[in-house]
Structure formats: structure tokens, C-alpha cells
1. Of the conditions (1) modelled with pLDDT of 95 or more; (2) aliphatic (A, V, I, L, M); (3) within 32 Å of the chain's Cα centre (by Cα), A125 fails just one. Which one is it?
2. With A369, A394 as the choices, which residue is among the small types (G, A, S) and within 14 Å of V434 (Cβ to Cβ)?
3. Working only within region 191-216, note down all residues that are part of a helix (DSSP H, G or I), of a type in the set (G, A, S) and within 24 Å of L280 (Cα to Cα).
4. Can you tell me which of P188, P233, P283 is under 21 Å from V123 (Cα atoms) and in contact (Cβ under 8 Å) with a residue 24 or more places away in the chain?
5. Return the residues of region 514-569 that are among the charged types (D, E, K, R), touching a strand residue (DSSP E or B) at 6+ places or on another chain (Cβ under 6 Å) and more than 21 Å from L423 (Cα to Cα); say none if nothing qualifies.
6. Is it the case that R579 is exposed (fewer than 15 other Cβ atoms within 10 Å of the Cβ), more than 15 Å from the chain's Cα centre (by Cα) and either within 16 Å of V680 (Cβ to Cβ) or among the polar types (S, T, N, Q) (or both)?
7. What are the residues in region 241-262 that are of a type in the set (A, V, I, L, M, F, W, C) and modelled with pLDDT under 95, if any?
8. Could you grab me the full set of residues in region 152-184 that are among the charged types (D, E, K, R) and under 17 Å from G293 (Cα atoms)?
Amino acid sequence: MSRPVARRAKQVPLRTHWIVLTMLLVCLSSMLLLNGYTHHLFGTEPDGAVTSGGPAGAVPRAIAGGGPVIDAQPGEVRSVRPANRTIALTFDDGPDPVWTPKILDVLKAQHVKATFFVVGTEVAAHPALARRIVAEGHQIGMHTFTHANLSTAPGWRRSLELRQSQLVLAGATGLSTPLLRPPYSSEPDALTDADWTAIQKTRQAGYLTVLTTQDSEDWRRPGTAKVIANSTPRGTAGQVLLMHDAGGDRSETVAALTKLIPALKARGYTFATVSDAVGLPQPAHDAGLLERGRGLAAIWAMRVSDGVLSLLTWFLYAAGALSVLRAITTVWAARRHARMRDWSWGEPVTEPVSVIVPAYNESAGIEAAIRSLVASDHPIEVIVVDDGSTDGTADIVEAMGIRGVRVIRQRNAGKPVALNTGLQAAHFDLIVMVDGDTVFEPDAVRMLVQPFADPSVGAVSGNAKVGNRRGLLGRWQHIEYVVGFNLDRRLFDLAECMPTVPGAVGGFRRTALERIGGLSDVTLAEDTDLTMALCRDGWRVVYEERAVAWTEAPASLGALWRQRYRWCYGTLQAMWKHRGAWVQRGQSGKFGRRGLTYLLLFQVLLPLLAPVVDVFAIYGLVFLDPLRVGLVWLGFLALQFAMGRYAFHLDGERAGPLWTLPLQQFVYRQLMYLVVIQSVFTALAGSRLRWQRMERYGSLRAPASTEGFP
């Protein structure tokens with residue numbers, strides 16, 4: 001294989017690209033982590049549904065038998081009760097966009113002030129409701145950030161819950177409050193040692209704990225009458241009444257309030273906020289400017305994370321749908337293409353063929369390639385264009401002394417120039433282009449040229465197979481060639497939009513090549529550029545699966561990276577060069593709207609989304625149902641295996657290598673999408689990629705007979 005002249009390239013700065021990608025992935029991971037914490041570590045059980053248990057010996061008697069508002073100041077523990085005939089209405093778990101406004105309307109109509117213990121994530125989702133609570137004179141307290149059980153939460157999470165709640169409240173309302181109701185708490189006499197420890201820790205952070213003395217049990221939804229009964233005091237003692245304005249259907253709560261408040265007022269009860277009920281100074285105070293700014297930033301970060309997750313979810317649905325559609329379409333096309341195996345293009349093509357082999361430092365495999373060509377059962381001439389090799393490639397070919405094999409030496413000018421040189425020296429009208437590391441089956445040339453019986457055919461793609469398929473890397477590339485490349489080529493053939501005739505094995509009509517001006521050197525994927533030009537010129541490009549050639553695939557991850565990087569970048573160059581086909585008419589427009597769209601969707605956009613899929617999969621394993629995520633992954637893997645099994649059947653290959661598919665998802669797949677990402681970044685940066693030449697190992701041998709390559 002030859003290469004472009006070195007002076008036409010410059011080194012691409014790789015580091016900046018990976019810094020940008022890493023930053024994007026870190027931002028994405030942070031957004032998902034924030035979303036997962038705020039939405040999937042949320043305590044969803046109602047307060048009264050979780051009863052704490054355990055020893056209570058460490059709880060001071062004055063607290064267990066005291067009032068519901070507790071100051072756990074070290075050395076000065078105390079609690080207070082509401083005044084007689086005073087009821088502090090408290091609402092937990094809000095604000096809720098449906099029920100909080102209705103409860104506020106009832107309180108406003110009854111001229112009653114209450115205390116709302118809000119959840120931080122709900123305040124961030126509905127900041128306007130939090131502002132309305134404050135604006136209408138109600139008191140606001142904290143119910144943690146995600147309704148976490150502070151008695152069982154580790155210290156880091158307890159601190160995070162309090163700090164984030166306070167920040168969000170400051171951002172939404174401009175206020176800071178020391179009032180805290182721990183989720184899943186109840187009356188003072190129900191406190192356990194774990195509860196008391198948590199109360200002491202929160203006091204160290206500056207919070208007063210507000211428990212309850214009476215539970216409406218509206219979370220049970222027992223009926224309006226039962227809620228009223230549960231909320232009615234049995235004597236004249238003051239009460240801190242627990243109700244809920246969120247967490248489910250609160251229609252019974254709204255209905256109960258409408259009747260309960262007038263009834264209790266008629267019995268001489270008054271309603272007040274918690275601080276007024278127990279005689280505390282107004283606890284809430286204005287938050288500092290910095291705290292408000294940080295709170296607003298936290299709110300917007302949560303909103304952005306929600307938006308990012310929604311966008312990613314739609315992207316994943318679209319990617320999944322496209323992947324399934326691609327699988328169904330390619331398998332259907334392959335099945336239909338297979339039924340055309342006995343299709344006759346016309347009278348057998350027997351005219352001789354000129355085989356052009358561009359060679360740059362191909363000493364390792366050039367002899368095997370030439371011997372396989374001269375063993376062909378079709379009349380050919382072989383033209384080896386040595387493109388300035390420094391390893392004696394031309395000397396090896398000349399020393400073979402095979403009749404019908406010519407060597408043309410030229411200074412290094414690049415593969416396209418070498419092919420054009422060979423084209424000018426060719427004697428025949430049918431041209432086959434072969435890479436110097438490729439070994440042909442004896443009937444490959446004959447099979448490759450048969451479609452030229454149809455005068456509309458300008459080029460034919462052969463069936464390139466991986467010869468050195470031992471080891472995991474070789475098997476993975478073998479799978480990709482059989483499943484990815486060859487299934488796609490069958491589809492492209494039927495849709496008449498073939499984007500690439502591989503350099504390893506391709507046939508061309510000389511008149512078609514001359515009409516488009518030969519090969520161009522403006523891209524690094526000269527085979528793709530050439531094929532696209534032929535399609536746009538109105539020529540039909542087809543796939544002949546029986547024309548089998550064996551190519552030497554990269555034997556290391558580094559070599560594979562360099563090869564695919566050049567392929568991908570060159571394909572992007574060719575797509576950009578031929579972008580006008582999208583809006584043209586006729587055969588060119590057909591190629592653009594079918595072929596280029598397919599490449600854009602499945603060889604550019606989907607690989608770019610692949611890191612997102614992987615990050616989202618980790619998100620699902622951590623925050624969602626791991627079993628469900630695993631089943632989705634197994635379903636995707638089963639779909640790939642089914643496609644692979646059918647593709648291997650069509651190509652007459654043994655299915656053994658398919659067992660490596662699960663491992664391929666964790667190494668090879670990542671390498672391939674990183675190649676696409678790097679190529680896209682390089683293209684967007686406007687950098688020119690240096691030619692990446694693959695190291696040759698000479699692992700292929702010419703077939704000994706027509707029985708096929710071993």
C-alpha cells in the first residue's frame with residue numbers, strides 16, 4: 001500500500017481533543033450523578049409508614065417526655081410545647097404543583113398561617129410555590145433534600161442533605177431557616193438512640209428539630225372523616241399537627257382542612273406557625289447574596305440535569321430504534337441479496353483484466369499477493385507500481401521473474417498517483433485494484449468482473465476477508481468484516497448507493513474511471529472518494545460476494561487505531577467533498593440521500609453517541625434497576641449475535657468466533673467509537689491527518705489450489 005507524500009501532511013494535536021472529550025464526559029457524568037441522587041435516592045415512603053425501632057436509653061427523659069420543638073444544644077438540652085388551645089398546622093413533603101396551591105387557597109380563605117416543611121428537590125422543581133408559601137405569610141422549614149432518613153444516613157449524606165436543602169431554599173426564596181423536621185420522625189416519646197444522635201448532629205449544624213404531637217395519617221388515605229377525626233385534639237393541650245401537601249393524592253387532606261379549621265375555631269382553638277405556637281422568635285432570616293447565588297446555581301444545575309437526562313433518553317430511544325431498524329433492514333437486504341446469487345449479468349465476461357498493485361514497502365507480503373494473482377483462472381496482466389519503496393519491494397517482484405507481471409518504479413507520490421500510473425500503463429478495459437497485502441482466491445478475478453456484462457456497472461466490490469484471524473483482535477476484526485462491512489454492502493447494492501469499493505479487492509471499468517478523471521488525492525480514503533464519484537456520475541456499483549480476497553488485518557491495538565483513524569477521517573473527507581449529492585437529482589441524488597445519510601447516521605452519529613450510552617448504562621446500574629439494565633444489554637447482545645450468525649451463514653463461515661462478541665463490547669467497540677470521535681474532532685479542527693501506514697507481517701500465503709484459502 002502506498003501513502004501520500006509526507007510534505008502534504010502535518011501532525012494532528014491529539015491532546016486537546018481528548019481534553020475536550022474528557023471534559024464533556026465529566027460534565028455528562030456529573031449531570032447524571034446529580035440527577036440520580038436527586039431522583040433515585042429519594043425516600044418515597046410517607047413519614048408515618050416507616051417506624052423506627054431500637055434502644056432508647058440514650059434519649060434524655062426531658063426530651064422523650066417533653067415538647068415537639070427540640071433544641072439539642074450540648075449541656076443545655078430543652079424542648080417546648082405549643083400553648084394551650086393552639087394548633088400549629090404543619091405540612092410535609094411539598095411543594096407539590098397540584099396539592100400545595102389548593103391547600104394554600106384553603107388556608108388563605110380561612111385566614112390561617114401554617115408551617116411547610118419542604119423537600120429540597122421539590123423546591124428546586126417548583127421554586128415559585130416556595131416563594132408563594134413565604135409571600136402569603138406562612139413559615140417554611142426543611143424536610144431534607146431528598147427525604148432521606150437522617151437516623152440511618154451516613155454522616156456525609158446527612159451533611160449533604162442539610163447543606164443542599166438550605167442552598168436550594170435560599171436560591172428559591174432568599175431565606176434561610178433553622179427549622180428541620182427529620183423525615184420518618186413522629187412524637188418525642190418515639191425517639192430512639194439513633195434518632196437522638198441524628199438530632200444532636202443536626203443541632204451542631206445549627207438546626208432546631210420540630211417533631212409532632214398529632215398525626216392526621218392522611219398519608220394512609222383513610223377517608224376525609226377519618227382524617228378529621230385523627231386531627232381533632234382530645235383535650236385543650238396545644239398540638240403540632242402533621243399533614244401532607246405532597247406525596248400522592250391529597251384530596252382528602254384538602255377536604256378535611258375545609259371542615260376541620262372552622263370546627264376547631266368554633267371550639268376556641270387558634271392556628272399559628274410553629275414558632276408562634278411555642279413562643280420562639282421568628283427563625284427565618286434573609287440569606288446572604290453568595291448563598292442565594294449558590295442556591296440559584298444549584299437549582300439551575302438540577303434543571304439542566306433533568307433536561308440532559310430527558311434529552312439523553314430520547315437520544316437513546318432514537319439510537320435503539322435506529323439500531324433495530326438497521327438490523328432488520330440489513331438482514332432483509334442480505335436475505336434478498338442472497339437469493340440473487342444465481343443472477344446472470346449476461347454473457348460470461350472472458351476478456352482479460354489488468355490488475356494494478358500499488359506498493360509501498362510491501363516486502364513482507366508482496367510475493368504471496370503476486371503468486372495468488374498469477375494463479376487466477378482468468379486471463380490477467382499484473383502491474384506493480386512501486387511508489388518509492390525503501391525495503392526492496394520492486395526487487396522482490398522482479399526477482400520472481402513471472403511472465404505477465406510488470407514493475408513500474410516511481411518516486412513516492414502517494415497511492416492515488418500510483419494507481420493512476422498503473423491505469424495509464426494498463427492494456428485492458430477492465431481494471432482490478434489490489435492492495436499489496438492482499439491474497440486472492442483463484443476464481444476471485446473471474447467472479448469480480450462478471451457484473452461488467454451489464455454496461456451500467458462501473459465498479460464492483462469484492463468480498464474482503466481477514467486472513468490473520470487468530471487471537472481476540474483478529475476474531476473481532478473478522479466479525480466486523482463479515483457482519484458489519486459485508487451486510488452493509490449487500491444493502492448498499494440493493495439500494496444502489498455503494499459508498500466504498502475496498503482497496504483490497506475492487507473491479508472497475510476503465511471508461512468509468514477516465515470519465516471522472518481517475519483517482520483523486522484530496523482525501524485519505526481514495527477508495528471511498530473514487531466510489532462516491534462513480535455513483536454520482538451515474539454508474540452502478542455492485543457487490544460480488546463470491547470474489548473472495550484475504551487481507552492482513554492489524555495485529556495490535558495501536559496498528560488497528562492508526563488504520564481505522566485514517567479510514568474514518570478519509571471517509572469524513574469524502575462525505576464532505578460529495579455533500580452536494582444530498583440535494584442533486586438522478587443517480588447522484590439517490591446516492592446522497594441514501595448512501596451519505598446512512599453513513600452519517602450509522603458511522604458517524606451513532607458512534608458519537610456510544611460514550612453516552614456507556615455512561616448511561618453505568619447510571620442505570622447505580623441508580624436504576626440493575627437487572628433491567630442487564631436484560632437490555634443481553635437483548636442488544638442477542639440481536640448482534642443473531643445478525644452475526646446469519647451473516648456468517650451467508651459467507652459460509654464457521655460461527656465459532658462469535659463467542660467473543662460479549663468481550664468485543666468492552667474493548668473493540670470502545671476503540672471504534674473513540675476512533676470516530678477523534679476523527680470528527682480532527683475534521684472540525686481543520687487539521688490534516690498524517691498517513692497512517694500499517695505494519696506488515698507477511699502472515700498470508702497464496703492459496704495452493706482452487707479449494708480455497710486455508
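The values are calculated or read from the model by the stated rules, or taken from the named source; none is laboratory data. Just so we're clear, the structure is a prediction, and the values are computed from it rather than from any experiment. Cβ sites come from the backbone with ideal geometry, for glycine too, and all protein chains shown count toward neighbours.
1. Every condition holds for A125 apart from (1).
2. On the way: A394 fails: within 14 Å of V434 (Cβ to Cβ).
Just a single option satisfies the conditions, and that option is A369.
3. Initially, region 191-216 is screened for residues part of a helix (DSSP H, G or I), giving 193-204.
Next cut, of a type in the set (G, A, S) only: 194, 198.
Result: A198, single match.
4. Details: P188 fails: under 21 Å from V123 (Cα atoms); P233 fails: under 21 Å from V123 (Cα atoms).
Every option except P283 fails the conditions.
5. Quick first cut of region 514-569, residues among the charged types (D, E, K, R) only: 514-515, 521, 526-527, 529, 536-537, 540, 544-546, 552, 562, 564, 566.
Applying the additional criterion that residues be touching a strand residue (DSSP E or B) at 6+ places or on another chain (Cβ under 6 Å) yields 540, 544-545.
Passing the criteria: E544, E545.
6. Details: exposed (fewer than 15 other Cβ atoms within 10 Å of the Cβ): yes; more than 15 Å from the chain's Cα centre (by Cα): yes; either within 16 Å of V680 (Cβ to Cβ) or among the polar types (S, T, N, Q) (or both): yes.
Against the criterion (exposed (fewer than 15 other Cβ atoms within 10 Å of the Cβ), more than 15 Å from the chain's Cα centre (by Cα) and either within 16 Å of V680 (Cβ to Cβ) or among the polar types (S, T, N, Q) (or both)), R579 qualifies.
7. Within region 241-262, just A246 meets the criteria.
8. R163, the sole residue that qualifies.
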